[in-house]
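One structure is given here, and the rest of the page talks about it.
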Amino acid sequence: MVAFSKWCKEREVELFAVDRTTIELWVLSLQGQGIQPRTTRRRLAAVQGFYLEAVDAGVIGKVPTLRVKRPPVGTSAKSGIGREEAALLLEAAEDAGPRDELLIRLLLLNGLRASEVAQLTIADVGEERGHRTISVRRKGGRVSVEALSPGTRHALDRLLQQPGHADPEAPLIADPEGNPLSRHGVARITHRLGRVVGITAAGEPPLNPHELRHSFITLGLDAGASLRDMQRAAAHADPRTTADYDRRRKALDTHPSYLVERYLS
């Protein structure tokens, strides 16, 4: 609570005049400092406790923190990988073979979750109106049909030409024994290829599938895709989830650090 009070004082905001927008700006400032999501949630809880007591005492009418979205814990706090890193990763995946290339492309260019990739079978491959497609089993049992880019189609065709891909019920992306990859198996491939291209160095957290899904959204927005299209492609039930990626991306691009440096130079 002391740090929040200091933050408000620096911006000449009265503690009892704080609204939801002010709290959200503070949370964004914590993210910009690299504060971990779990720490941010603890700080939010402390601030909320302060305002709950203020409401009980009749000082203010409502708690400004109640509808503020809490950052998720248990997932990567990174913002994904950039354009150049993504291009290097695709090259490394192509060199590793069609299975690894298709896997990385589905994570990075279609934004699939590790569990969704692991469930794919050869029968899920299809064509529709001139598009090569895959049918993806989403959260809640919903199935969505996703288009594949030309490079992904090429990787898919290379994979299907290999022995062991004639049975429609066989896993599309399998381990060397022909068994479906587990979520951990998917992660092991992203870990390995992340080290190959130098995205992650010794001692750093490995490149995980969720970072590639995150990158799909941020790179898609950078490339000009609309929030609505990205929400559909990422299978976000709540559009605010996609908007959070956009806000975080813009918060980094427009961070005041750049302005201050230019001002001082």
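Quick notes on this structure:
- Hits in segment 175-201 - residues which are among the small types (Gly, Ala, Ser) and crowded, with 17+ Cβ neighbours inside 10 Å: Gly185, Ala187, Gly194
- Top-ranked residue in segment 117-154 [being touching a helix residue (DSSP H, G or I) at 6+ places or on another chain (Cβ under 8 Å) and assigned to a helix (DSSP H, G or I); ranked as nearest to Gly80 (Cα to Cα)]: Val117
- Condition check for Val13: in contact with a helix residue (DSSP H, G or I) (Cβ under 7 Å, 6 or more places away or on another chain), modelled with pLDDT of 85 or more, over 30 Å from Gln161 (Cβ atoms) and outside any helix (DSSP H, G or I): yes
- Residue pairs meeting the criteria (Cβ under 9 Å; at least 6 apart or on separate chains; first more than 16 Å from Met1 (Cα to Cα), in segment 26-46; second surrounded by fewer than 15 Cβ atoms within 10 Å (Cβ to Cβ) and of a type in the set (Gly, Ala, Ser)): Gly32/Ser257; Pro37/Gly74
- Hits in segment 50-71 - residues which are within 27 Å of Ile35 (Cα to Cα), without any contact (Cβ under 8 Å) to a residue 40 or more places away in the chain and either in a helix (DSSP H, G or I) or in contact with a Pro (Cβ under 6 Å, 6 or more places away or on another chain) (or both): Tyr51, Leu52, Glu53, Ala54
- Condition check for Arg158: out of contact with any strand residue (DSSP E or B) (no Cβ under 9 Å at 6 or more places or on another chain), part of a helix (DSSP H, G or I), among the basic types (Lys, Arg) and without any contact (Cβ under 8 Å) to a residue 12 or more places away in the chain: no
The values are calculated or read from the model by the stated rules, or taken from the named source; none is laboratory data. On a predicted model such as this, the values are computed, not experimentally measured, just so you know. Heads up, the Cβs are rebuilt from the backbone with ideal geometry, glycines too, and the neighbour counts pull from every protein chain shown.
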